[in-house]
1. Can you tell me which residue within the stretch 210-226, out of those that are farther than 14 Å from Asp183 by Cβ and surrounded by 14 or more Cβ atoms within 10 Å (Cβ to Cβ), is nearest to the chain's Cα centre (by Cα)?
2. I'd like to check something: does the stretch 234-241 contain any residue that is at pLDDT 95 or above, more than 28 Å from Ile155 (Cα to Cα) and hydrophobic (A, V, I, L, M, F, W, C)?
3. Of all the helices (runs of 4 or more DSSP H) wholly in the stretch 164-259, which have at least 3 residues that are farther than 26 Å from Ser149 by Cα, free of Cβ contacts under 8 Å to residues at least 40 places away in the same chain and in contact with a helix residue (DSSP H, G or I) (Cβ under 9 Å, 6 or more places away or on another chain)?
4. When you check Glu142 against the structure, is it charged (D, E, K, R), more than 19 Å from Thr222 (Cα to Cα), within 19 Å of the chain's Cα centre (by Cα) and assigned to a loop (DSSP other than H, G, I, E, B), yes or no?
5. Would you check if Tyr86 is among the hydroxyl-bearing types (Ser, Thr, Tyr), surrounded by fewer than 22 Cβ atoms within 10 Å (Cβ to Cβ) and in contact with a helix residue (DSSP H, G or I) (Cβ under 8 Å, 6 or more places away or on another chain)?
6. Please note which helices (runs of 4 or more DSSP H) are completely contained in the stretch 38-129 and include at least 2 residues that are over 24 Å from Glu18 (Cα atoms) and without any contact (Cβ under 8 Å) to a residue 40 or more places away in the chain.
7. Could you figure out which of (1) more than 21 Å from Arg187 (Cβ to Cβ); (2) touching a Pro at 6+ places or on another chain (Cβ under 7 Å) isn't true of Leu151?
Amino acid sequence: MIWLLALQVAVGAAQHYENAQKDFAQRDFSRAVSEVDAALHDNPSMVPALVLKARLATFAQRLDVAKSCLITAITVDPTSEEAQFYLGALFYKENNFKLALSPLEKARELSPESPLPVFYLAMTQEALKDKATALELYRRAEDLSPRESPLSGEILVAHGRLLLSLGQTKEGITIERRAIELDPDSRDAHYELARGLSHDGDFKNAALEGEKALALPQLATTDASIHYLLATCYRGLDQSALAKAHMDKFLALNTTVQK
């Protein structure tokens, strides 16, 4: 009878976890939380459920809960690539870059063909000012990522941004163009390309790219950043009215943020 009860509990946990996965995929986060909690009630050491609960907690800005779940998951199974990766990614998002390195390296070791741990390692090394290592990791992440995937576009944008910041403008521009080929609706890619072209003195094409970026939904790149860049571009084109209009918008947005 004991083994039968244990089997029923295991089956119940697995079913709740499967339901939680489906709810998560459908962005029904409330139901996903209920199902994943039910799975963990039946099996507190279920590593995939702990990882999923951590991801849900991250979306809800409950980073303390997310961290606790991931540390528990790694304690139960140190070979869980998902748990190691999400813990490293969580530290990265908290700007705890040194703490992010170990779990990200472990995730990379556990899944050497996965581009995500390499990508996050690249961003972490860049944040830690190790630009040479970051460049090498961005290139490796590009090699690992499927060519037509959204992730490839994100990696290219970040790689190009770093090259532009290092003054390697030509290569940075080339990479941002590749990112736009993959995702023509990437605001970040259009903005970074505009920055590179502006740095090269090509204000006309820089303004075109900046206007494209401004017309796309706001994600990482803010409207204020684009207005400031466009003011610079139009100033370079001797179009003072447009330059002033964008600078006024930049100042208005900055004032709003400061309030």
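1. The initial filter retains those residues of the stretch 210-226 that are farther than 14 Å from Asp183 by Cβ, namely 210-211, 214-215, 218, 222-226.
So of that shortlist, the ones also surrounded by 14 or more Cβ atoms within 10 Å (Cβ to Cβ) come out as 210-211, 214, 222-226.
On the way: Gly210: 22, Glu211: 24, Leu214: 20, Thr222: 16, Asp223: 19, Ala224: 21, Ser225: 19, Ile226: 20 Å.
In this case the residue turns out to be Thr222.
2. Looking through the stretch 234-241, at least one residue is at pLDDT 95 or above, more than 28 Å from Ile155 (Cα to Cα) and hydrophobic (A, V, I, L, M, F, W, C).
3. On the way: elements: 169-182, 187-199, 203-215, 223-236, 240-258.
By residue number, 203-215, 223-236, 240-258.
4. Working: charged (D, E, K, R): yes; more than 19 Å from Thr222 (Cα to Cα): yes; within 19 Å of the chain's Cα centre (by Cα): yes; assigned to a loop (DSSP other than H, G, I, E, B): no.
No, not satisfied.
5. Numbers: among the hydroxyl-bearing types (Ser, Thr, Tyr): yes; surrounded by fewer than 22 Cβ atoms within 10 Å (Cβ to Cβ): no; in contact with a helix residue (DSSP H, G or I) (Cβ under 8 Å, 6 or more places away or on another chain): yes.
Criteria not met by Tyr86.
6. Numbers: elements: 47-59, 63-76, 81-93, 97-110, 115-127.
It comes to 81-93, 97-110, 115-127.
7. Among (1) more than 21 Å from Arg187 (Cβ to Cβ); (2) touching a Pro at 6+ places or on another chain (Cβ under 7 Å), Leu151 violates only (1).
The values are calculated or read from the model by the stated rules, or taken from the named source; none is laboratory data. Note that the coordinates shown come from a computational prediction; the quantities given were computed from them, not determined experimentally. We place every Cβ from the backbone using ideal geometry, glycine too, and count neighbours over all the protein chains shown.
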